[in-house]
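These notes concern the structure reproduced below.
The values are calculated or read from the model by the stated rules, or taken from the named source; none is laboratory data. Predicted model only: the values in this text are computed from it and were never measured. Because the Cβ atoms are built from the backbone with ideal geometry, glycine has one as well, and the counts that use them run over all protein chains shown.
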């Protein structure tokens with residue numbers, strides 16, 4: 001699938017359109033039998049589930065690491081850049097094959113159908129995360145999350161652009177190549193962090209809520225950064241008025257959707273409860289989630305933001321617990337496919353072109369989020385433990401960085417070596433986050449200054465009584 005991103009600034013909002021321009025991976029061409037396409041997709045999902053669950057089992061049971069890490073690595077191993085291209089199925093050809101045009105690899109390295117399945121899984125993941133989030137905590141930490149997100153965008157952007165100039169890949173800080181590498185660094189993929197926090201039962205902690213809220217704001221700010229970079233790369237300048245309109249519409253939609261769902265949650269619950277036939281409540285809840293996700297995409301935001309807003313708005317209602325229980329089997333089936341497909345996007349060969357640049361940028365990718373998000377967290381009520389947890393939680397770039405990098409590559413603003421560097425940074429930050437995040441929550445105690453002070457007072461009272 002070739003992703004063609006068209007950014008329209010004339011209307012004051014970024015519109016991102018993904019246009020598939022090649023047939024399903026497998027080499028059948030545009031006229032391939034639809035039944036073979038479906039058979040390949042079903043087989044791919046089956047192989048992915050086996051690999052993902054085996055990888056997750058090894059990580060959880062034997063390595064004592066989050067299962068999502070095993071799912072990511074499993075995807076890397078069976079993907080088209082590794083073993084997938086060598087697994088040949090009669091009548092279907094290679095199980096996973098790189099899409100190409102004129103002998104040159106193009107686009108996302110999985111079939112259109114499989115990538116769409118993975119994106120639907122991501123929508124379900126964030127809908128579930130929204131249902132599990134404590135709404136009161138979210139509203140309480142919404143302001144601090146904005147401060148954290150601003151630091152988590154500015155710091156990576158500056159360091160990414162500066163490093164690109166330092167290594168000679170761009171002549172100046174304002175060169176489009178430098179700006180694009182900086183934009184790639186700002187990305188945050190909340191899906192991985194949400195999965196880890198959900199698995200360890202810390203999604204509704206102050207740090208967990210702040211991470212998710214900050215990631216939402218980060219997505220909106222990332223749109224502004226990307227719009228600015230694309231405009232500069234194409235026109236050499238950017239209209240501040242147009243940029244302000246983009247930001248106003250993006251923030252307005254996000255806040256408006258979340259507020260609307262919260263205000264209407266009582267009536268949405270009544271509507272869902274009015275259906276008594278088996279499975280109707282779950283089906284209709286998912287339908288509302290998908291409508292919100294699609295609407296968010298039409299407004300230039302990621303689909304997962306709309307899904308999270310819908311889940312968050314319903315999280316305080318009694319029906320949320322029923323939906324969580326009903327969604328559990330669907331979650332267990334679909335979400336591992338999403339993480340495995342993210343692992344399949346990793347191109348090992350593309351990383352070799354600029355290894356040192358990639359290592360330095362990856363190191364700065366880690367540092368920039370830990371300090372860029374962690375230090376602002378200290379200023380809004382978190383202690384050093386909480387600030388570190390938030391910095392690590394904002395660390396993974398995931399598919400968001402890959403999409404931004406794809407925009408730059410398709411526009412010839414960055415070359416294949418720089419694209420490989422972006423993949424390396426994405427891979428390293430995505431793998432480090434779950435490894436460090438779990439022990440960061442398991443050790444260290446409370447993450448906010450107020451909670452720690454309260455604990456110290458409570459501990460001191462018995463001592464005074466003695």
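A few remarks follow.
- Count - residues of region 196-205 that are assigned to a helix (DSSP H, G or I) and surrounded by fewer than 24 Cβ atoms within 10 Å (Cβ to Cβ): 2
- Unique match (being touching a residue at least 60 places away in the same chain (Cβ under 8 Å), surrounded by 15 or more Cβ atoms within 10 Å (Cβ to Cβ), closer than 27 Å to residue 397 by Cβ and over 18 Å from the mean Cα position of the chain (by Cα)) among 340, 307, 354, 293: 354
- Odd one out for residue 192 among (1) free of Cβ contacts under 8 Å to residues at least 60 places away in the same chain; (2) surrounded by 24 or more Cβ atoms within 10 Å (Cβ to Cβ): (1)
- Selection count, region 341-379, where residues are modelled with pLDDT under 90 and touching a helix residue (DSSP H, G or I) at 6+ places or on another chain (Cβ under 6 Å): 11
- Region 168-177 - residue that is in contact with a helix residue (DSSP H, G or I) (Cβ under 7 Å, 6 or more places away or on another chain) and crowded, with 17+ Cβ neighbours inside 10 Å and, of those, modelled with the lowest pLDDT: 176
- Failed condition for residue 395, given (1) assigned to a helix (DSSP H, G or I); (2) within 14 Å of residue 152 (Cα to Cα); (3) out of contact with any strand residue (DSSP E or B) (no Cβ under 9 Å at 6 or more places or on another chain): (1)
- The sole residue among 61, 15 that is surrounded by fewer than 19 Cβ atoms within 10 Å (Cβ to Cβ), at pLDDT below 50 and farther than 29 Å from residue 88 by Cβ is 15.
- Number of the exception - residue 122 against (1) surrounded by 21 or more Cβ atoms within 10 Å (Cβ to Cβ); (2) closer than 18 Å to residue 261 by Cβ: (2)
- The condition (being within 21 Å of the chain's Cα centre (by Cα), in a loop (DSSP other than H, G, I, E, B), in contact (Cβ under 8 Å) with a residue 12 or more places away in the chain and crowded, with 20+ Cβ neighbours inside 10 Å) is satisfied by just one residue among 400, 346, 404: 346.
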